[in-house]
Every structure is written in structure tokens, then in C-alpha cells.
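Every read-out reported here was derived from the displayed coordinates using simple, explicitly stated rules and does not represent laboratory data. All values reported here derive from a predicted model rather than from experimental measurement. FYI the Cβ positions are ideal-geometry reconstructions off the backbone, even for glycines, and counts take in every protein chain you see.
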Amino acid sequence: MQEPYWWYVLFVKANTEKRVVNDVSNFVKANKISCEFEAFVPESEHYFRSKKNREMGKQYSKRPLFPGYVFIETNLPSREFIEHFAQYIYSSADIIKLLRYGDSDEIALSEQERQRFEYLFKGKRYLEHSQGYIEGDKVIVTYGPLMGHEGSIKHINRHNRLALIEFEMFGKVMSVKVALEIVRRIN
């Protein structure tokens, strides 16, 4: 998408993310809103624990990175976005609210937050798994989007190949689980 563009985030009812993505996309088409637009649910790879799936060559599956959230990327500035979408958002049974920064009127993700997500997603709409090793008490990521972001890792579950990392979104810190395979430990 060409600059300038913004990301808006909808908080939706559990397990309605895909329906909301389809509904909001259909709303844009039906109302012939002329803008660049994409609704999506950011996903993260997760390791399959079942032997059957691994034997079929499926080691990782995708799950929502932020369950209950739908992201909208568009070239509409905040005021125009509200003009076009307010009625739809408030009348939808699946959408709880449009996220904002506290009590302010700012509804778009900050430039810094959006760029961090884009860096981690590497041009995709999902977070790939990462690989690394542990040296003493330190995690070193050698492959994947977490490379260089070891400081955001708060906990590692080696058995399930997961890392708990923290993101800042709308001024709040959110913890999410992402795939991180620790291939060895060096003492």
C-alpha cells in the first residue's frame, strides 16, 4: 500500500474474526468506498505436537496472534475512516469497539507500533517461527522475525516451542505466544 496509510484495530467477539474480516470487506464493496483497504487477522505459526501431523510434513500451523482483534489497513485518515465506518462498527453484532489510545480521539496505531509489526511480519500477515539457542541465561535467536528482538522475550516453553513476548499496542503492553524453537543449550 502506498504511503500514507494507517492501521486501525477492531476488538471483536471471540471466534468471529474471520466473519468480521469478510463482513467489513463486503461493506466496503457494497458502499463503493473508494480507498485502498485490507482487513486481516495477524497470525502466528505454532508447532504441531501430534506425530501424525509432523509425519505429513506439517510442523507448524497458523493461529491468531491477537485473538479477538481484526486489523484494517487503509489509506483513509482517521476522520474519513470514522465517517465511512462508524455506523457499520456500532451496528455490527460482532464488533465490540474500535480501539483508541485511552480517552483520546486517536484511533490509528502509532507509526512506531505499525512499523514494528510490519518488520516482524516481513511483508506477510503472519509471524513465522524463529529458531535460536540458549547460552547460560541468554537467548540468542539465529533465524526468524525475533532475531534482534531477544529483549522482548519474557518466557520460553521449550517443550511446546513457544516464547512469550510483549508488544506495545495502543499504549498498552500485550503478551502473546509465538513459535520459537530452541535447538540447543550451551552452558
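Among the numbered conditions (1) closer than 29 Å to Leu162 by Cα; (2) surrounded by 14 or more Cβ atoms within 10 Å (Cβ to Cβ), the only one that Tyr5 does not meet is (1). Just to be sure, is Lys18 surrounded by 11 or more Cβ atoms within 10 Å (Cβ to Cβ), of a type in the set (D, E, K, R) and over 30 Å from His159 (Cβ atoms)? So Lys18 fails the test.
Checked against (1) touching a strand residue (DSSP E or B) at 6+ places or on another chain (Cβ under 8 Å); (2) of a type outside the set (A, V, I, L, M, F, W, C); (3) more than 21 Å from Phe40 (Cα to Cα), Asp94 passes all but a single condition, namely (3). Evaluate segment 142-155: report whether one residue or more is out of contact with any strand residue (DSSP E or B) (no Cβ under 8 Å at 6 or more places or on another chain) and on the phi > 0 side of the Ramachandran plot. Checked segment 142-155: no residue is out of contact with any strand residue (DSSP E or B) (no Cβ under 8 Å at 6 or more places or on another chain) and on the phi > 0 side of the Ramachandran plot. Looking at segment 1-52, which of its residues are part of a strand (DSSP E or B), touching a residue at least 40 places away in the same chain (Cβ under 8 Å) and under 16 Å from the mean Cα position of the chain (by Cα)? Scanning segment 1-52 gives Trp6, Trp7, Tyr8, Val9, Leu10, Phe11, Val12, Phe40, Glu43, Ser44, Glu45, His46.
On inspection, Glu106 qualifies as over 19 Å from the mean Cα position of the chain (by Cα), closer than 22 Å to Glu38 by Cβ and surrounded by 11 or more Cβ atoms within 10 Å (Cβ to Cβ).
Give the residue, chosen from Pro64, Pro77, that is touching a residue at least 40 places away in the same chain (Cβ under 8 Å) and more than 13 Å from Val21 (Cβ to Cβ). Outline the logic, then answer.
Working: Pro64 fails: more than 13 Å from Val21 (Cβ to Cβ).
So the residue among Pro64, Pro77 that is touching a residue at least 40 places away in the same chain (Cβ under 8 Å) and more than 13 Å from Val21 (Cβ to Cβ) is Pro77.
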